[in-house]
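Below: one structure, written as C-alpha cells.
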Amino acid sequence: MNGRRALFAALVLLFGTVGARAGSEGRAHSFTPEGLAKVSDYIRNEIAAGKFPGAILLLQQHGKPVYCENFGVRDLATELSMSTDTIFRLYSMSKPITSVLAMMLVEEGKLAISDPVSKYIPAFAGMKVGVEKKAEDNKVSLELEPLNRPVTIEDLMRHTAGIPYGYYGGDLVNKLYADAGLFDRNSTNAELVAKITALPLAEQPGTIWDYGHSTDVLGRIIEVISGTSLFEFAKKRLLDPLGMKDTAFYVADPAKWPRIAEPMPQDRAISPTTQVRDIRKPLRWESGGGGLVGTVGDYARFSQMLLNGGTLEGRRYLKPETIALMASDHIGPETRVERDKNYYPGETSGYGLGFAVRTAVPPGTKWPVGEYRWDGVGGTFFFIDPEDDLFGIFMVQAPSQRGRIQLALKTLIYQAMGR
C-alpha cells in the first residue's frame, strides 16, 4: 500500500470515527416524520403501479432502527405478506461479504492485497491480454499481448483485473466471455477459474475499472488459502458468529421456501440471456460475486458491524483501519485507472475494496462524502453513512426497476434528513 493511500485510509478512519461520535452525541442529521412519510408513499405507489410485489426498507441510526417497514407481498402467486424473515436474492451484494472474508485473511497475514493472484492460482501467470487489431480490409482480429504486470488481489477487489462479465454486442473479448459458460451453476469455483484462465484478459491489469467475475476469483482464492469451500469458511468466520442464519447460496430447507421473495412474473430477466434463478434448487457454484441469498435482518447485522468499525456485540471481525482501507477510494486520479462506459458507481464516487465510495457531493444535493455502498442486479441495495452513524438496506426483487428506484429512494431518504 503506497504512502498516499495509507494516509487517506487514516483520514477516513479519523473522520469516520468523528462522524460516528458526532452521531452518538446527537449532532448527526436526523429524520423528520414528514420526510419518512414521503419515503413510504413512494414505495406504496410503486407497488400500486405494479412495479414489484413488495419490499422492505430498513434505516438504522445510532445502532437502532429508526424506520423499518414491510410493504406488499413476497410473491403475487402466494399473496403472503412481506415480512422481515423474507429471503431475497442478493446478487452483487454478495461482493462486500466476500471482500470482508478476504480482508480477514489479510489481517491474519495469509493474504496481501499486493500479492499476485498467480501466488494462489498459478495459471494466472500465463494469462494474456486480448487486443483488437483492424487489418487493411477492416477485418478485426484478436491478438494476445503479455501482461505489463501481474494481476493482484487489489485488482480483484477493485475490479481492475481485466476480467469482465462478458456480454454480447461488446468487443471480441467480451464475446469470448459470454460464450464461455461462466454462469454455469453446476461449476465449482475451481472450474470457473479454470475457464477464466483459458481466456484473455479484456485490459491490462490496473488500467480500467471493468466490472466482472473478479470477486468470484477472490472467492476461489479464499478456498485455496482456507482449504474449505467458500460457504464453509463464510459460515465459520462470519455468518454464524454474526447470526446471519438465513444467508446461504440457496434455500436448502423446503420449510423456508414460502419465505422467498419473487419479482413480478414479467420482470425475471437480469440480462438478455439470463433469468432470475430459482434459489430452491441446489447448486455447486458458490459465487462470491453474486450467489448469496439472505434477509434484511442478516444484512443489517453485517452492515452494523461495518459501521461500528468491525465489531458487533463485543466481537471483533475486522480492525477499524481495515474497514477504513476498504471504504477509501482505490481508483482515484493518482492511480490513473480509467472508468469504462458502464461505470456503475457514477461520477461522484470512486471504488474501494468491495464497495463504491462517495468522493464528491452530487450536484443539487447535500449527500455525505465517505458514504459507501453497493447493490444487486435483483434490485436490492445498501449504503453506510459514517457521518450520520447510519445505514440503510432496501430489499426488493425488481431487476428492471433497480436503477430508477435506487436513485429515487436515496434522494427521498436524504431529503428526509435535510440533505
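The residues of region 288-306 that are among the hydrophobic types (A, V, I, L, M, F, W, C) and either closer than 26 Å to G212 by Cα or open to solvent by 20 Å² or more (accessible area, probe 1.4 Å) (or both), listed by number, are L292, V293, V296, A300, F302, L306.
A residue that is surrounded by fewer than 18 Cβ atoms within 10 Å (Cβ to Cβ), of a type in the set (K, R) and either in contact with a Phe, Trp or Tyr (Cβ under 8 Å, 6 or more places away or on another chain) or under 17 Å from V217 (Cα atoms) (or both) occurs somewhere in region 105-125.
Of everything listed in (1) of a type in the set (V, I, T); (2) in a loop (DSSP other than H, G, I, E, B); (3) open to solvent by less than 10 Å² (accessible area, probe 1.4 Å), the single unmet condition for V357 is (2). The numbered conditions (1) part of a helix (DSSP H, G or I); (2) in contact with a helix residue (DSSP H, G or I) (Cβ under 9 Å, 6 or more places away or on another chain); (3) not basic (K, R) are all true for P164 except (1). In region 127-139, the residues that are over 18 Å from P205 (Cβ atoms) reach residues that are open to solvent by 80 Å² or more (accessible area, probe 1.4 Å) with C-beta atoms within less than 6 angstrom, at least six apart or across chains, in these pairs: K133/E143. From the list A202, A190, exactly one residue is open to solvent by 10 Å² or more (accessible area, probe 1.4 Å), closer than 19 Å to I221 by Cβ and either of a type in the set (F, W, Y) or at pLDDT 95 or above (or both). Which is it? When all the criteria are applied, what remains is A190. For region 122-136, taking the residues that are charged (D, E, K, R) and modelled with pLDDT under 95, the one that is nearest to N148 (Cα to Cα) is identified as E132.
Of the residues making up region 80-91, those that are in a loop (DSSP other than H, G, I, E, B) and of a type in the set (A, V, I, L, M) are L80, M82, L90. The residue that is nearest to A398 (Cα to Cα), counting only those in region 206-261 that are over 18 Å from the mean Cα position of the chain (by Cα), buried (at least 20 other Cβ atoms within 10 Å of the Cβ) and small (G, A, S), is A261. Is there a residue being open to solvent by less than 20 Å² (accessible area, probe 1.4 Å), over 30 Å from P333 (Cβ atoms), modelled with pLDDT of 95 or more and part of a strand (DSSP E or B) anywhere in region 264-287? Scanning region 264-287 turns up no residue that is open to solvent by less than 20 Å² (accessible area, probe 1.4 Å), over 30 Å from P333 (Cβ atoms), modelled with pLDDT of 95 or more and part of a strand (DSSP E or B). Residue check: G403 meets all listed conditions (1) under 26 Å from P53 (Cα atoms); (2) at pLDDT 95 or above but one, namely (2).
Candidates in region 55-83 are the residues that are in contact with a strand residue (DSSP E or B) (Cβ under 8 Å, 6 or more places away or on another chain), in contact (Cβ under 8 Å) with a residue 60 or more places away in the chain and over 30 Å from R27 (Cβ atoms); of these, the one that is surrounded by the fewest Cβ atoms within 10 Å (Cβ to Cβ) is S83.
Per the conditions (1) surrounded by fewer than 18 Cβ atoms within 10 Å (Cβ to Cβ); (2) of a type in the set (S, T, Y); (3) under 30 Å from S328 (Cα atoms); (4) modelled with pLDDT of 95 or more, the sole criterion not satisfied by Y167 is (4). Here R185 meets each of (1) open to solvent by 10 Å² or more (accessible area, probe 1.4 Å); (2) more than 19 Å from the chain's Cα centre (by Cα); (3) at pLDDT 95 or above; (4) under 25 Å from F88 (Cα atoms) with one exception, condition (3).
Has region 326-336 got at least one residue that is closer than 24 Å to T295 by Cα and in contact with a strand residue (DSSP E or B) (Cβ under 7 Å, 6 or more places away or on another chain)? Looking for residues that are closer than 24 Å to T295 by Cα and in contact with a strand residue (DSSP E or B) (Cβ under 7 Å, 6 or more places away or on another chain), one finds at least one in region 326-336, hence yes. Look at (1) farther than 28 Å from R268 by Cα; (2) open to solvent by 10 Å² or more (accessible area, probe 1.4 Å) and you find that V129 fails only one, number (2).
In region 91-113 there is at least one residue that is acidic (D, E), farther than 14 Å from A202 by Cα and either in contact (Cβ under 8 Å) with a residue 24 or more places away in the chain or out of contact with any helix residue (DSSP H, G or I) (no Cβ under 6 Å at 6 or more places or on another chain) (or both). Screening A37, A77, A55 for residues that are in a strand (DSSP E or B) and either modelled with pLDDT of 95 or more or under 28 Å from R402 (Cβ atoms) (or both) leaves exactly one candidate, A55.
When only residues in region 341-354 that are out of contact with any strand residue (DSSP E or B) (no Cβ under 8 Å at 6 or more places or on another chain) and touching a residue at least 24 places away in the same chain (Cβ under 8 Å) count, which is least open to solvent (accessible area, probe 1.4 Å)? Within region 341-354, the match that is least open to solvent (accessible area, probe 1.4 Å) is L353. The residue of region 307-340 that is surrounded by the fewest Cβ atoms within 10 Å (Cβ to Cβ), among those that are in a strand (DSSP E or B) and basic (K, R), is R315.
Do the conditions hold for E46, that is, is it under 24 Å from P265 (Cα atoms) and of a type in the set (D, E, K, R)? Spelling it out, E46 is indeed under 24 Å from P265 (Cα atoms) and of a type in the set (D, E, K, R).
The values are calculated or read from the model by the stated rules, or taken from the named source; none is laboratory data. Quantities reported herein were computed from a predicted structural model and do not represent experimental measurements. We place every Cβ from the backbone using ideal geometry, glycine too, and count neighbours over all the protein chains shown. What goes into the accessible areas is simple: the full protein's heavy atoms, side chains included, and nothing from ligands, DNA or RNA. Shrake-Rupley method; radii C 1.70, N 1.55, O 1.52, S 1.80 Å.
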